[in-house]
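Below: the structure, in structure tokens.
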Amino acid sequence: MPEQPQETVAPPTRATSLQEVAQAAAHAFDLVPAGPDGPGSRSGPAQRLETDPETVERDLIKLVLTIVELLRQLMERTALHRVDVGDLREDQEERIGMTLMILQDRMTELCERYDLTMEDLNLDLGPLGSLLPRDSG
């Protein structure tokens, strides 16, 4: 029985593979093109980032300060936990406490300079609540 010639298929190129993955993902998630007049447009809250050249510096500062405040609160909670479990020497407790107080003072100064309040830094995450925990005291 004569052998039939086998068809050789070239291996897919990286671009082809990525394109196939993108098409599969688009199909799986039923993505539609974005745009104000497209089928995916919605009424209600704005879906796009709106930038105003007049406030871009303040908005950038607000974002940076939000991230710094989140990190400050995380560091504070970690430090309190370490103090509670006795993981720090007395001099380390003093240094961490002083550093956190100085950082809080700088945050207050920067908020005042850019006419922001600590509440302005607390982003609303919709159904998840707010980004920063509310201080209890």
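A few points about this structure:
- Filter result (assigned to a helix (DSSP H, G or I) and either touching a strand residue (DSSP E or B) at 6+ places or on another chain (Cβ under 9 Å) or open to solvent by 70 Å² or more (accessible area, probe 1.4 Å) (or both)) within segment 97-129: MET98, THR99, MET101, ILE102, ASP105, ARG106, GLU109, GLU112, ARG113, GLU119, PRO127, LEU128
- The requirement of being in contact with a Phe, Trp or Tyr (Cβ under 9 Å, 6 or more places away or on another chain) and modelled with pLDDT of 90 or more is fulfilled nowhere in segment 87-99; no residue meets it.
- So ASP124, is it at pLDDT below 90 and either charged (D, E, K, R) or more than 22 Å from the chain's Cα centre (by Cα) (or both): yes
- Annotation: of all residues in segment 54-80 being of a type in the set (Lys, Arg) and in contact (Cβ under 8 Å) with a residue 12 or more places away in the chain, the one that is least open to solvent (accessible area, probe 1.4 Å) is ARG72.
- Of the residues making up segment 81-94, those that are surrounded by fewer than 13 Cβ atoms within 10 Å (Cβ to Cβ) and part of a helix (DSSP H, G or I) number 5.
The values are calculated or read from the model by the stated rules, or taken from the named source; none is laboratory data. Model, not experiment: these values are computed from the prediction. Note that we place each Cβ from the backbone using ideal geometry, even for glycine, and neighbour counts take in every protein chain shown. Protein only, heavy atoms only, side chains kept; ligands, DNA and RNA dropped before computing areas. Shrake-Rupley method; radii C 1.70, N 1.55, O 1.52, S 1.80 Å.
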